[in-house]
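Chemist: Okay, here's the structure, questions in a sec.
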Amino acid sequence: MKNGLIYLFFLLLSMIACDRISSNKTVDRVDIIKQKIIDEPRSKHTVWKSLSDSVKIELASELSKYYRKQKDSSNFYSWNSQFLYLSQINGNSIETAEAYWDRANFNEYTSHLDSSYFYFIKAFEIFEVFGDQKHTASMLYSAGIVQRNLKDYIGGEVTTIDAIRIYENLNDNRGLYKCYNSLGIIHNNLNNFELSLSYHSIALEKAKEMSDLNLIAASKNNLAVIYREHHDYEESIRLAKEGLQWDSIYQKDRELYARLVDNLAYSQLKLKKKGKEIFDALEEARAIRDSLGDDSGLSVSNIHIGEYHIENGNISRAKAILRDELIHAKKNSSASDLIHALDLLGQIDPENSQKYLQRRIAISDSLIDIERKTQNKFARTQYETNKVIANNEQLASEKKLIIISGVIGLLLVSLIYFLNMQRIRVKKLRLERAQVKSNEDIYQLLISQQNHLEEGRRLEKNRMSKELHDSVLGKLFGIRFLLSSLNGQQGQAIEKQREQYLKDLENTEEEIREISHGLRDNNEVLKTSFYQIIQNFLEERKAIYSFNISLSIETGTFDLNEIPISYKINIFRILQEAIFNVEKYAKATGAKVSINVDKNEKYITLEVEDNGVGFDVDTVKKGIGLTNIKERTQEMRGSFNITSLPSQTIVKIIIPIYYES
């Protein structure tokens, strides 16, 4: 028992290992093809034709993700469309959802927020249908972020709360952290200071529950920003310092480190604190953001350094930095940073303040117009999405009604069909019984005829016995007696007598030969009786059903006519039932019947083979015919076996020959 469990354990390990090896081989192959297409884009069409659908889907997914990270719109949409198309035609809904997810992320990155929201919701619907709660919640969270960026704060809050409900069911603290953090940002934008602090505090608690120092530091930074924006600079400084207490923050998250350093220095600047360390901290944050390519963070650093120079009376340096920021913000389409820089320049450059004001108003109006158009477009997208959801729900209800109606209809049709089949079955059984009765009568006539033939054979034997006794034996006795009387005698007359007696012996031989031939011919006629019954039956079935039936009988010196009548009846009945089954069910074009006796004359083997459709011998219902074959075989103490394959079915009966004992 113990050894068996150990063997089973190692067997499972080997199966898992084989599965992982196979999976790794597929991944390696996809990586190789992916790199080839990236390096040689023209090889795509040649490589693509030789791949299976599953490999194509995985390859399209990998290339879609690759070009999304590379921010390559053309190649991303090409491969993402391929990924989406293949997953849809192969009926793989989860991969379809992943394709929508990729497209949503890319549209969010390219600021096509209405399209991003649409595809997040499309992915959400599929994940929800398949009960994938983690991804369902993730799609809702992402859709809420998009709504927040579109300034649809109420909608974003509702969507994010829906995600929170799912994450709570999953007990997923990381998901809950993200959602509460997003709610904090939403309410900060709505100037709901208390609610914003509450949500960010909950996010901080979730980070502490996970003992995630990175998230704890991030939450400290978020709280520091809120307190700073509400002019509580002391609390902002305290929280920023706490965030920086994580020893590994510089090595593990330089972007977060730069944000904390910048927040700390800027809050100190707002408290009118002096010192070169504030400028050094602002410059350090700016340098890190510049090295990381963090354009939005770089704009914040530029503005904060500009304000530092304003506070310290270095107006010319502040103007230079802020004018550079105008170019940087415009290049990165950062309207809020552009407006902030214009406001500061308007304050420190009175001569050009009117120009800066006009430009600010133009940007503000343009921004309002863009926001209005975007929100209108988003509203239409949301309306259309809700409409699609409503239509889907209606279609689902209709589909449910159709399915129920279909099931009821199918049950009624099945009931009618069942009753009809039962009626046909009863009728068929009656016909079969009548046929069996008719066959019994016919066979009894055949048996009767056979009995008459056997009786004739017996009488013929008696006649031949008498013939041999009365004629041949008498002559032989007489010739032997006469020849013995000539012993010791010589002479011409004696020689003539001997010749005459020898001629009489030749005549007697001829007579014996004629009697022998008569016996042989008669025996052959009698011997064919049971064989002929079988032959006649097969010829009759062949004529009625127009398909070929061959007969092979190999019995050696054994005579089947010698077996008891009960054996003959059972063998004939088994053969009859097997042929009837071939005619009714097999759809065969030919059949072979063989009757053999082994060399030791211990067994009779009957085989009926056809080239029909075959059947499942384990599941097919045993009918009356097969039951009768089995019972008749058991009566003869034999064995019964059926083997069936497409295009071949063999019924085999083996009967022991020990009835004489």
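The values are calculated or read from the model by the stated rules, or taken from the named source; none is laboratory data. Please read all numbers here as calculations on a predicted model, not as lab measurements. Quick reminder, even Gly has a Cβ in these numbers, built from the backbone with ideal geometry, and neighbours come from all protein chains shown. SASA here: full protein model, heavy atoms, side chains in, ligands and nucleic acids out. Shrake-Rupley method; radii C 1.70, N 1.55, O 1.52, S 1.80 Å.
Chemist: Quick check on Ile216: is it modelled with pLDDT of 90 or more, closer than 24 Å to Ile154 by Cβ, open to solvent by less than 70 Å² (accessible area, probe 1.4 Å) and part of a helix (DSSP H, G or I)?
Modeler: Numbers: modelled with pLDDT of 90 or more: yes; closer than 24 Å to Ile154 by Cβ: no; open to solvent by less than 70 Å² (accessible area, probe 1.4 Å): yes; part of a helix (DSSP H, G or I): yes.
No: the conditions fail for Ile216.
Chemist: Among the residues of the range 501-516, are any modelled with pLDDT under 70 and either within 30 Å of Ile574 (Cβ to Cβ) or aromatic (Phe, Trp, Tyr) (or both)?
Modeler: Taking every residue of the range 501-516 in turn, at least one turns out to be modelled with pLDDT under 70 and either within 30 Å of Ile574 (Cβ to Cβ) or aromatic (Phe, Trp, Tyr) (or both).
Chemist: Which of (1) over 36 Å from the mean Cα position of the chain (by Cα); (2) crowded, with 21+ Cβ neighbours inside 10 Å does Tyr153 not meet, given it meets every other one?
Modeler: (2)
Chemist: Additional query: Quick check: is even one residue across the range 623-641 open to solvent by less than 20 Å² (accessible area, probe 1.4 Å) and part of a strand (DSSP E or B)? Step through it out loud before you land on a result.
Modeler: Of the residues in the range 623-641, the ones open to solvent by less than 20 Å² (accessible area, probe 1.4 Å) are 625, 629, 633, 636.
Checking the rest, the ones that are also part of a strand (DSSP E or B) come to none.
Within the range 623-641 (the criterion being open to solvent by less than 20 Å² (accessible area, probe 1.4 Å) and part of a strand (DSSP E or B)), the answer is no, since none of the residues qualifies.
Chemist: Conditions first: (1) outside any helix (DSSP H, G or I); (2) closer than 30 Å to Gly156 by Cα. Tyr77 passes all but one, so which condition is the exception?
Modeler: (1) is the only condition that Tyr77 fails.
Chemist: Does the range 575-597 include one or more residues that are over 38 Å from the mean Cα position of the chain (by Cα), open to solvent by 30 Å² or more (accessible area, probe 1.4 Å), without any contact (Cβ under 8 Å) to a residue 12 or more places away in the chain and within 23 Å of Ser529 (Cβ to Cβ)?
Modeler: Within the range 575-597, none of the residues are over 38 Å from the mean Cα position of the chain (by Cα), open to solvent by 30 Å² or more (accessible area, probe 1.4 Å), without any contact (Cβ under 8 Å) to a residue 12 or more places away in the chain and within 23 Å of Ser529 (Cβ to Cβ).
Chemist: Kindly evaluate Ile416 against the criterion of being more than 30 Å from Glu128 (Cα to Cα), among the aliphatic types (A, V, I, L, M) and either exposed (fewer than 12 other Cβ atoms within 10 Å of the Cβ) or at pLDDT below 75 (or both). Reasoning before the result, please.
Modeler: On the way: more than 30 Å from Glu128 (Cα to Cα): yes; among the aliphatic types (A, V, I, L, M): yes; either exposed (fewer than 12 other Cβ atoms within 10 Å of the Cβ) or at pLDDT below 75 (or both): yes.
Yes; evaluated as a whole, the condition is true for this residue.
Chemist: So which residues in the range 562-572 are assigned to a helix (DSSP H, G or I) and surrounded by 18 or more Cβ atoms within 10 Å (Cβ to Cβ)? Outline the logic, then answer.
Modeler: Start the filter on the range 562-572 by keeping residues that are assigned to a helix (DSSP H, G or I), which leaves 562, 565-572.
If the condition is that a residue be assigned to a helix (DSSP H, G or I) and surrounded by 18 or more Cβ atoms within 10 Å (Cβ to Cβ), then Tyr567, Lys568, Asn570, Ile571, Phe572 are the ones that fit.
Chemist: Give Gln358, Gln268, Gln354, Gln347 a once-over and let me know the one that is out of contact with any Ser or Thr (no Cβ under 7 Å at 6 or more places or on another chain), of a type in the set (S, T, N, Q) and at pLDDT 90 or above.
Modeler: Gln268
Chemist: Which condition does Ile563 not pass, out of (1) under 29 Å from Pro646 (Cβ atoms); (2) more than 46 Å from the chain's Cα centre (by Cα); (3) of a type outside the set (Ser, Thr, Tyr), if it passes all the others?
Modeler: Failed condition: (1).
Chemist: I'd like the full set of residues that are open to solvent by less than 50 Å² (accessible area, probe 1.4 Å) and farther than 22 Å from Glu255 by Cβ, limited to the range 320-340. Even if it seems obvious, please write down each step before you answer.
Modeler: The initial filter retains those residues of the range 320-340 that are open to solvent by less than 50 Å² (accessible area, probe 1.4 Å), namely 320-322, 325-326, 328-329, 334-335, 337-339.
Correct list: Ala320, Leu322, Leu326, Ala335, Leu338, Ile339.
Chemist: Could you grab me the full set of residues in the range 287-311 that are more than 51 Å from the chain's Cα centre (by Cα) and free of Cβ contacts under 8 Å to residues at least 24 places away in the same chain?
Modeler: Once the filter is applied, which keeps residues that are more than 51 Å from the chain's Cα centre (by Cα) and free of Cβ contacts under 8 Å to residues at least 24 places away in the same chain, the range 287-311 yields Ala287, His309.
Chemist: So, Lys602, is that one within 17 Å of Phe640 (Cα to Cα), more than 52 Å from the chain's Cα centre (by Cα), open to solvent by less than 20 Å² (accessible area, probe 1.4 Å) and basic (Lys, Arg) or not?
Modeler: Taking the combined requirement at face value, the residue does not satisfy it.
Chemist: Which condition breaks for Lys630 when tested against (1) of a type in the set (Lys, Arg); (2) touching a residue at least 12 places away in the same chain (Cβ under 8 Å); (3) on the phi < 0 side of the Ramachandran plot?
Modeler: Here Lys630 meets the rest and fails (2).
Chemist: Return the only residue of Glu255, Glu235 being surrounded by fewer than 17 Cβ atoms within 10 Å (Cβ to Cβ), assigned to a helix (DSSP H, G or I), touching a helix residue (DSSP H, G or I) at 6+ places or on another chain (Cβ under 8 Å) and in contact (Cβ under 8 Å) with a residue 40 or more places away in the chain.
Modeler: Details: Glu235 fails: in contact (Cβ under 8 Å) with a residue 40 or more places away in the chain.
After applying the criteria, what remains is Glu255.
Chemist: Continuing with the same structure: Residues Leu551, Leu519: which one is at pLDDT below 85 and surrounded by 14 or more Cβ atoms within 10 Å (Cβ to Cβ)?
Modeler: Working: Leu551 fails: at pLDDT below 85.
When all the criteria are applied, what remains is Leu519.
Chemist: Test Ile126 against the criterion of being among the aliphatic types (A, V, I, L, M), in a helix (DSSP H, G or I) and in contact (Cβ under 8 Å) with a residue 24 or more places away in the chain, and give yes or no. Break it down stepwise before answering.
Modeler: Details: among the aliphatic types (A, V, I, L, M): yes; in a helix (DSSP H, G or I): yes; in contact (Cβ under 8 Å) with a residue 24 or more places away in the chain: yes.
Yes: the conditions hold for Ile126.
Chemist: Within the range 175-203, work out how many residues are among the hydroxyl-bearing types (Ser, Thr, Tyr) and over 43 Å from the mean Cα position of the chain (by Cα).
Modeler: From the range 175-203, those among the hydroxyl-bearing types (Ser, Thr, Tyr) are 177, 180, 182, 196, 198-199, 201; that's our starting set.
If we keep only those that are over 43 Å from the mean Cα position of the chain (by Cα) too, we end up with 196, 198-199, 201.
The qualifying residues number 4.
Chemist: Quick check, is Asn169 modelled with pLDDT of 90 or more, open to solvent by 20 Å² or more (accessible area, probe 1.4 Å) and touching a helix residue (DSSP H, G or I) at 6+ places or on another chain (Cβ under 8 Å)? Let's see the steps before the verdict.
Modeler: Working: modelled with pLDDT of 90 or more: yes; open to solvent by 20 Å² or more (accessible area, probe 1.4 Å): yes; touching a helix residue (DSSP H, G or I) at 6+ places or on another chain (Cβ under 8 Å): yes.
Taking the combined requirement at face value, the residue satisfies it.
To keep it simple, each residue is scored yes or no on (1) open to solvent by less than 10 Å² (accessible area, probe 1.4 Å); (2) touching a helix residue (DSSP H, G or I) at 6+ places or on another chain (Cβ under 8 Å); (3) not in a helix (DSSP H, G or I).
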| site | (1), (2), (3) |
| --- | --- |
| Thr46 | no, no, no |
| Ser54 | no, no, no |
| Leu59 | yes, yes, no |
| Glu62 | no, yes, no |
| Lys65 | no, yes, no |
| Ser81 | no, no, no |
| Leu84 | no, yes, no |
| Glu98 | no, yes, no |
